[in-house]
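The values are calculated or read from the model by the stated rules, or taken from the named source; none is laboratory data. All values reported here derive from a predicted model rather than from experimental measurement. Cβ sites come from the backbone with ideal geometry, for glycine too, and all protein chains shown count toward neighbours. Note: accessible area is taken over every heavy atom of the protein model, side chains too, but ligands, DNA and RNA are not part of it. Shrake-Rupley method; radii C 1.70, N 1.55, O 1.52, S 1.80 Å.
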Amino acid sequence: MTATTSTASDTVTKPEEVTLTIDGVEVSVPKGTLVIRAAEQIGVQIPRFCDHPLLKPAGACRQCLVEVAAPDREGNVRPMPKPQASCTLEVMPGMQVSTQHSSEVAEKAQRGQIEFLLINHPLDCPVCDKGGECPLQNQALSNGSGTSRFTGIKRTFPKPIKISTQVLLDRDRCILCQRCTRFSDEIAGDPFIDLQGRGGGTPGSDEHGLPAQQIGRFDEAILGFAGGEQAPDGDTVGPGGEPSLAAGTGESTPTLGEAALDASGRPFASYFSGNTIQICPVGALTSAAYRFRSRPFDLVSSPSIAEHDACGSAIRIDHRRDVVLRRLAGDDPAVNEEWITDKDRFAHPWQSAPDRLTSPLVRDEESGELVPTSWSEAVHLAAQALTGAHGRVGVLPGGRLTVEDAYAWSKFARVVLGTNDIDFRARAHSAEEADFLAHRVAGSTMDVTFGDLERAGEVLLVGLEPEEEAGTIFLRLRKGVLAGGVHVSSIAPLTTRGASKMRADVLHTVPGAEAVVLTGLAEGATEAGGVELGDLAERLRGGVILAGERLATVPGGFTALQRLAEASGARVAWVPRRAGDRGAVEVGLLPGLLPGARPVSDAQARVDVAAAWGVESLPDTPGRDLTAMLEAARDGDLGALLVGGVHLDDLPDPALAEAALAAVGTVVQLEVRRSAVTEHADVVLPVAPPTHKAGTFLTWEGRPRAFAAVFDDASLSDGRVLDMIARAADVDLGARSLDGLYAELAEFSGWDGERAGAPQVSPGSGHEPGSMAPGTAVLATWRLQLDSARGQDGEPHLAGTQRRPVAHLSAATAAEVGVAEGQTLRVGGPAGSIDLPASIVAMPDRVVWLPQHSPGSSVHRMLGTAAPGVVDLSVPTSEVQR
Amino acid sequence: MSTLAPVLSDLWDAPQSWKLDTYVSRNGYDGLRKAMETDPAELITMVKDSGLRGRGGAGFPTGLKWSFLPKPDGGPRYLVVNADESEPGTCKDIPLMMANPHSLIEGVAITSVAIGCHHAFIYLRGEVVHVYRRLLAAVREAKEAGYLGSDVLGTGYDLEVTVHAGAGAYICGEETALLDSLEGRRGQPRLKPPFPAVAGLYARPTVVNNVESIASVPGIVSRGADWFASMGTEKSKGHGLFSLSGHVARPGQYEAPLGITFRELLDMAGGVRDGHELKFWTPGGSSTPILTAEHLDVVLDYESVGAAGSMLATRALQVFDETTSVVRCVSRWIDFYQHESCGKCTPCREGTFWLKQILQRLEAGEGSESDIDLLLDVAGNIEGRSFCALGDAAATPVKSAIKYFRDEFEQGLHTPAWELFPYEANAAFTGVSS
């Protein structure tokens, strides 16, 4: 079951205690505690279904009935006339609770409720996904009767219903506890599923056309309303082999417009829908990916940390015979509570994709093809090529490394390759950003935490869409907003769905002008760059600013952020997108930064690090950043590139990267799967995916999230591979074991020297859309949570729940271009164009938003430009004729 | 010996009784004029002193309910009239609103003044379109005459009244489900606390009262609390509509002081239909335990009916003669409760589903030996375990019917009810020949 303790581990004031007795045992709990939780404190488990500690009390299933006596006004303890639902009843001083253990009335009431739940529940446990881990099954055995007195006709429904491509519903198994609908409403804020119909229905027929109460998506066909025709979906079948029913494909769906649909054509549902499957206390909600794949008792569960974003969500990996079958949310009140994104839950097949590299490859000199070879040969060749280019190697480790592996990369570059040409940022970046990271982020730990966000008062987002880029932050902020602990403002070009669900005030800003708005706020202005600021500057005092990695694309952005932080006293946190980004900063995967916030330019820092590493000196000139390295490689100024988890489409200029990889003398790649880089690699060394290695991710907060290897096989971590290359070059990197790495890493905490200086870039005024040529627009773009990322490969059911790619623009811009809602808009850049359906929303004129890397819209590659560049807007000829 | 006490029904025989002119010609809206000159707190005291208890069934003191509202905080406060009359047998509010809608509207205005409400709602069950039209017309008349709208009677008090038609669900007569439905949500009962007095409609302080309760307020204000309290018994004051239906010679509405006996009312209604005798009756609709001929002299006030093992509730006196199969009657009632169960909680949703199947086989003479005890046990697992009172309401008729007529249920093990009690003989309106 679920955690029961309060998530506020850092509560300052101790809440008032209330003392009561449960089954004769005295217990003191904080005022406001529900009886069902108080009972848990003394080890009494009252059976329950609808109750969930993170959802509001419902009192719907009535399973947790207990007998209660409480003092009246005169202090006489009087029994309540009816059994009470312990999941909705708050404790009172002097209350006397009798659970099933001490009260026949409570025991009989509970037995009666479970019998009621079972009269319409199918006895298909042997084939049900939930069988073996089912609260209904368990509690029927522990608190129910062995036989049923029901001899009538059960309620049945056609099944299953595909409420999305990933989530399936068997209505006959549902006990209508409403956990799923309450999660959708209270936590995710998505109109995903809700109750429909009324009562228990009539077996065999629906009197008065009234369907029984059931969960669903208001699909006309499934409810039997006019205007609906049942849409069979042969992808999944019911018990008799009949096709499942696709929900949300009714007649009214197309009228919603492309922007509201998911990839499968249903109304877009939720990025968090998988949580409903996990909290379903029966097998009514199942996932297409796991349905009928396994029995819970055949699975081995390993706790782990999700690798898809910088939130470090706790997960549980369930596997059987070296195959991951599913992932569930772990329970970590300080981080993700009990929720994870659908990406963290379902996007795991990439780690065992067919293109996973299993043996080292080297390029055959004669054929020019990559051929498998031995580790010793591949390591030898890599060492030879890299040391041969000593001081002229560019190092691109990528942002998905564990802290331990990242540290090995950092040390390898400095000690073995003698270079500071290292940059983890495999995306749009700037020198100003590197300065900010060195000055403000490196070495700072837990300045802002998930828990802080709930009570921050005011949170300003800049360059960050939490629902898309950091789902756990989104859920925390929304929770805080609904509880009244925080208000959210966002500097963004348009009001996204996620922003609406957080009730955020969005300062509609032209991309590139964020620095102007931040500067205005720092100066206490009520208006800046044409954006109304109101009293936000005032509200930010003592608040929090969350800056996304995209702020790097705005000249002066981080400088202005730093100024605003100083002026307002607001705490600042940098929220990158990848799991390894925050750790990379800490271990110095930047051209100007050594481990532990030590600047390369600081002689004392270099001496410190050199001493720790047992070398005489370290390279003293700050290195090149990613773009500079690629340019140098293209121009012949670098002899080799050592590349880790870098995907070319993520880079601001994929064409430059292609050219650099083609031109440079040697490319050595450390990767989990074949990628576009592999096509250019001379030596390819396979490294372990997260399931095959132990390590630590740092969350955006700086919180270490250690995880153990799920599978123990011959796969090698980046650190081990680098250690082997180093040894081939006669250097001991000390990265053979994690213990060694931990010991070394510990030496780098607490730099008491000068920190790197703050970024000093004056804010660019950005583009002036008003003075731009008609038919042009400033490009806004960011990644969607579910898109074409390689990390989501191999999971088609998840891909079906992606949002449909659309191009957002304002009504005036659409009119200027001559495109109507839903018509195809062509967005052109230097490298080509992207055609997407136009979606007209409120946003600044002459700004167009595109999904950065979704099907049909890979902005950097297809357009050859990045935000906030200027693009051309037009309507394709075919569309004009239509 | 009690006699009739027509107050709300006094007007019903007037030509066009529903018109504003008719109502005003009989001193209508005098109460509102008086209320406008009275301190609101005094109005609440007046209603408290009158002893008026909620006429929707529960009998909670009306003035006390009003006094539960928190102190004004400048935000809106609402009055919501529960006109979702749907209980089988209960048929008092709908004729009242048809024949004398202005008594309700005047009551709404006075109550609004008393509790500081500027927007009141009348939530009417959706099926009664004729009543809906009548209420809309009456509100329009009252507004045009200055009794409602902005600047009521020139006092500067603003009062908007919205008549809202529900979509036809018994559960929406439960006050919190009604509020959810009125807000445009799914009509299912809310978790209490908070109670509507604290966080009701749109989470604001709200008074929810029955039609007849509110319609009784103008009389109390214009004629005085003492006048009202002079009627009835010690703890059950005032006048009330008694709705006699079923096997009586003259079914209809009989307005009388609380405390009249069923025997007296039955006499006024001409007794049980000719040639037949009383078998059982309900004091307040199908949700109240049935009583039998031995209870003819029970005093019809809250306390005495309670002491007799039932509830006064809505004073819906359904009369059944000896041609009636109790099993069939209870089976139809359970069909109703099963159909109307909102589905929110397990015992009501699943329990009525089960009861219905057991009763249908008993009615068909196909019951099994354990079915009667099973009925009682299932009813016991519903009663007192459901989320709202509707589950209890479903258990009540089953338990009381078996209490008085267990032998008839036992006959359901072998003989269909239609053989024991031919349904043609039972029909109330097919003429004397059958």
Expressed in square angstrom to the nearest 10, the accessible area of B:His414 with a 1.4 Å probe stands at 120 Å²
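Restricting the count to DSSP beta bridges whose residues both fall in segment B:16-225, what percent are antiparallel, rounded to a multiple of 5? Present the calculation step by step, with values, prior to reporting the outcome.
Values: 3 of 20 bridges.
In segment B:16-225, DSSP labels about 15 percent of beta bridges as antiparallel.
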Tilt, helix A:104-119 to longest principal axis of chain A (alpha-carbon atoms), in degrees rounded to tens, equals 70 degrees
Interchain or sequence-distant (5+) residues whose placed amide H lies within less than 5 Å of the amide H of A:Gly248 are A:Asp219
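If you count, for each residue, the other Cβ atoms within 10 Å and average over each peptide, how do A:697-704, A:539-546 line up from highest to lowest?
Going from most to least packed, we get A:697-704, A:539-546.
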Counting other chain Cβ atoms within 10 Å of each Cβ in B:351-358 and taking the mean gives 6
PRE zone check, label point 7 Å out along Cα-to-Cβ of A:Gln45, amide N under 14 Å, scope segment A:137-162, hits A:137-144
Residue-ordered couplings for segment A:575-582, obtained by feeding phi - 60° into the Karplus form 6.51 cos²θ - 1.76 cosθ + 1.60 and rounding to whole Hz (Gly and Pro as x), are 10, x, 9, 9, 5, x, 4, 5
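Restricting to Cα pairs below 8 Å that are 6+ residues apart, what does the relative contact order work out to for segment B:326-420? Please round to a whole percent.
Numbers: 129 pairs, mean separation 36.2, N = 95.
The value is 38 percent.
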Flagged as over-length at 26 Å C-alpha distance, from A:Lys162/A:Lys343; A:Lys159/B:Lys344; A:Lys130/A:Lys479, the pairs are A:Lys130/A:Lys479
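Work out how much length A:Arg111 to A:Asn76 would gain on full extension: take 0.36 nm times their residue separation and subtract the Cα-Cα distance, in nm to one decimal.
Details: separation 35, 0.36 × 35 = 12.60 nm, distance 3.03 nm.
Length difference between fully extended and current span is 9.6 nm.
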Here, GluC sites (Glu not before Pro) of segment A:359-417 satisfying both criteria (DSSP loop; at most 15 other Cβ within 10 Å) are A:Glu365, A:Glu366, A:Glu369
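By accessible area of protein heavy atoms, probe 1.4 Å, what ranking do A:Thr776, A:Thr445 get, highest first? Intermediate results must be reported in sequence, preceding the final value.
On the way: A:Thr776 25, A:Thr445 80 Å².
Descending accessible area places them as A:Thr445, A:Thr776.
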Here the relative contact order (percent) of chain A, from C-alpha pairs under 8 Å and at least 6 apart, is 12 percent
If one compares the long axis through the Cα atoms of helix B:129-144 with the longest principal axis of the Cα atoms of chain B, the angle in degrees, nearest 10, works out at 10 degrees
For segment A:61-71, Karplus-derived ³J(HN,Hα) couplings (6.51, -1.76, 1.60; θ = phi - 60°; whole Hz; x for glycine and proline) come out as 7, 6, 6, 9, 5, 9, 8, 9, 10, 9, x
Over segment A:747-791, with neighbouring protein chains present, the accessible area per residue in Å² at probe 1.4 Å is 47 Å²
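Carbon and sulfur together cover what percent of the accessible area of segment B:16-225 at a 1.4 Å probe radius?
Numbers: 4100 of 7780 Å².
Carbon plus sulfur share of accessible area: 53 percent.
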Mean accessible area per residue over segment A:11-119 (1.4 angstrom probe, all protein chains present, square angstrom) is 45 Å²
Surpassing 21 Å at the alpha-carbon level, of the pairs B:Lys34/B:Lys92; B:Lys65/B:Lys192; A:Lys82/B:Lys237; B:Lys19/B:Lys237; A:Lys108/B:Lys192, are B:Lys34/B:Lys92; A:Lys82/B:Lys237; B:Lys19/B:Lys237; A:Lys108/B:Lys192
Counting only DSSP beta bridges fully inside the protein assembly as shown, the antiparallel percentage to nearest 5 is 60 percent
Ordering A:653-664, B:341-352 by per-residue average of other C-beta atoms within 10 angstrom, highest first, gives B:341-352, A:653-664
Under 5 Å from the placed amide H of A:Ser490, counting only residues 5+ away or on other chains, we find A:Leu461, A:Asp505, A:Val506, A:Leu507
Taking every residue of B:181-190, the Cβ atoms of other protein chains inside 10 Å of its Cβ average out to 1
Per-residue accessible area, 1.4 Å probe, largest first, puts A:Glu616, B:Glu141, A:Glu458 in the order A:Glu616, B:Glu141, A:Glu458
Shielding of A:108-120 by other chains, given as the mean Cβ count within 10 Å, works out to 5
To the nearest 10 degrees, the tilt of helix A:603-613 (Cα long axis) against the first principal axis of the alpha carbons of chain A is 70 degrees
Taking Lys and Arg as +1 and Asp and Glu as -1, residues besides B:Pro289 with C-beta under 12 Å from its C-beta add up to 0
Length-normalised contact order of segment A:769-881, Cα under 8 Å, at least 6 apart, in percent, tallies to 39 percent
Counting sequence-distant residues (5 or more places) and residues on other chains, those with an amide H built under 5 Å from that of A:Ala329 are A:Arg316
With the charge dipole of the protein assembly as shown built from beta-carbon charges (+1 for Lys and Arg, -1 for Asp and Glu) about the Cα centre, the Cα from A:Gly32, B:Val217, B:Ser310 projecting farthest to the positive end belongs to B:Ser310
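Could you run the numbers on buried accessible area between A and B, total for both chains, 1.4 angstrom probe, in Å² to the nearest 100? Kindly include the intermediate steps, with their values, before the conclusion.
Values: alone 33210 and 17360 Å², together 47530 Å².
Approximately 3000 Å² gets buried when A meets B.
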In whole Hz, the Karplus estimates of ³J(HN,Hα) for segment B:333-345 (6.51, -1.76, 1.60; θ = phi - 60°; x where Gly or Pro) are 4, 5, 3, 4, 5, 5, 5, 9, 4, 6, x, 5, 10
